[in-house]
Every structure is written in structure tokens, then in C-alpha cells.
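Structure first, commentary second.
The values are calculated or read from the model by the stated rules, or taken from the named source; none is laboratory data. Since the structure is predicted, the reported quantities are computational estimates derived from the model, not experimental observations. Quick reminder, even Gly has a Cβ in these numbers, built from the backbone with ideal geometry, and neighbours come from all protein chains shown. For accessibility, only protein heavy atoms count, side chains too; no ligands or nucleic acids. Shrake-Rupley method; radii C 1.70, N 1.55, O 1.52, S 1.80 Å.
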Amino acid sequence: YLGPSESTDITSSYISNANFTTGAAIDNHVYGYSNNMTTHGTTYCHQQEVTDWTIATNNADGRGAAVFAYGSSYQLKGNNVSAPATGPDGEAGQALGMFAVWSNTVQYTQDVTLPAGNYTLSFPVYNVSGTNTVNANLFGFISNSGDAYYCRNNTFTVGSWTTMSVSFKLTQQTSGKISVGYTDANVGSGASPMLFIDKVMLTTDRKIGRAHV
């Protein structure tokens, strides 16, 4: 008998800017279509650069994302929604906001190499509006060999912080990507989730206690 498992938070060893506080928050609304930039006089359209994260999708019409300060008046203009007042711990700070419409994908990734072990990725998510079930949840880990471990939720709770998680086992050192995002169903902004993400966490499990025979 090897004893119970104990989870250890190893986020800071493997994921940079997991709480999206590195770099300035956006200072205007974010739109999903290029023609909105002239129509509405905004400076931001599509997915914006996020420190330590890579835009993983074709950054074109039908999606938008950026880092927002909590309580900010700036909005995801897919459905004119602002970030929640505070983060998942009730604290001030910043979150990554994102949306996609009409079967498009919004996604950011970060390269990581993990040793063999048992892992859990957790993603606190706040859905401001949009109850439609998405085509694909892209929150998780993707190995460079093509194995993907995604959270199973395809519908995001509206109006509160909820934590999605996915657990996976690696039998050898594995390089891959931490992924946040989703592929939308074939619906417009009124039905598509308007998500804010903060405090991505990576934990590893190990057995504690002495072995018995």
C-alpha cells in the first residue's frame, strides 16, 4: 500500500503569466471583425498579443481576445460584455477575455516540457453571457506527438466563476502546449460564450506514506 495521493502546485515552474498580470491590460474595446475598427473607432480587433502566450489560431474575423482589468468598462464586443468585478479569489487583477462566433476558434497556447508523472490542469472561467454548447473545448494540454487532453465541459456556466479541470498521465518526458480556448458552434455573438480566464494551475500528484506488505 503506497498511501494516499498529495497534489503539489507546480504552476510557477512550468507556466509563465498563468494569472495574466504580466503586461498591461487593454485600454479599449475588442471587436471580432475588421470593419468594426473604422465603424466604431476602436484600436483593437481579433486576438491581441498576450505576454508569454501564443496566438494559436488564424487571427481573422469571427473572434476576439485580450487581457482586461477586473472592473474595467472596456468590453468584448461580441456581445458588449465587460470583465467581472473581481477574480476567482475575489481579488483585483487581470484576466484573459475571449470569444468566437460562427464556428470559429479562439485559442492561445504556451510551450511546456513536462517530466513523466500524473498531472491536473485547472482553469477558473467566468462566462459573462452565451449559453450555447460549443463545438470543442480547447482548455488542456496538447503533446507535440498529437495526444490532446482537454476539459470535457462544452457548456460554460453563466454568471459565476467555475473551475474546469483535466487530469492526464505522461509515461515519459513530454513536450507540448498548454492551451486555452474553444471552437464555437455555428451561432452568433448572442449565443456564444464570452469567457474570462484567470489563474491557470498545474498540479502533480504523488503518493505519500510508507509502503506496506
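Key figures
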{"read-out": "Conditions (1) out of contact with any helix residue (DSSP H, G or I) (no Cβ under 8 Å at 6 or more places or on another chain); (2) surrounded by 15 or more Cβ atoms within 10 Å (Cβ to Cβ); (3) among the aliphatic types (A, V, I, L, M): number failed by residue 116", "value": "(2)"}
{"read-out": "Residue in the range 61-68 that is surrounded by fewer than 20 Cβ atoms within 10 Å (Cβ to Cβ) and in contact (Cβ under 8 Å) with a residue 60 or more places away in the chain present", "value": "no"}
{"read-out": "Residues (in a loop (DSSP other than H, G, I, E, B) and of a type in the set (Gly, Ala, Ser)) located in the range 154-191", "value": "159, 160, 185, 188, 189, 190, 191"}
{"read-out": "Any hit, the range 39-60, residues being without any contact (Cβ under 8 Å) to a residue 40 or more places away in the chain, within 14 Å of the chain's Cα centre (by Cα), closer than 30 Å to residue 117 by Cβ and not in a helix (DSSP H, G or I)", "value": "yes"}
{"read-out": "Subset tally (residues that are modelled with pLDDT of 90 or more and either open to solvent by 30 Å² or more (accessible area, probe 1.4 Å) or in a strand (DSSP E or B) (or both)) for the range 26-38", "value": "6"}
{"read-out": "Residues of the range 197-212 satisfying the condition of being in a loop (DSSP other than H, G, I, E, B) and at pLDDT 95 or above", "value": "198, 199, 200"}
{"read-out": "Residue count, the range 82-106 (criterion: in contact (Cβ under 8 Å) with a residue 24 or more places away in the chain and within 21 Å of residue 21 (Cβ to Cβ))", "value": "13"}
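Yes/no matrix, rows are residues, columns are (1) in a loop (DSSP other than H, G, I, E, B); (2) of a type outside the set (Asp, Glu); (3) surrounded by fewer than 19 Cβ atoms within 10 Å (Cβ to Cβ); (4) touching a residue at least 12 places away in the same chain (Cβ under 8 Å):
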| site | (1), (2), (3), (4) |
| --- | --- |
| 108 | no, yes, no, yes |
| 125 | no, yes, no, yes |
| 134 | yes, yes, no, yes |
| 146 | yes, yes, yes, no |
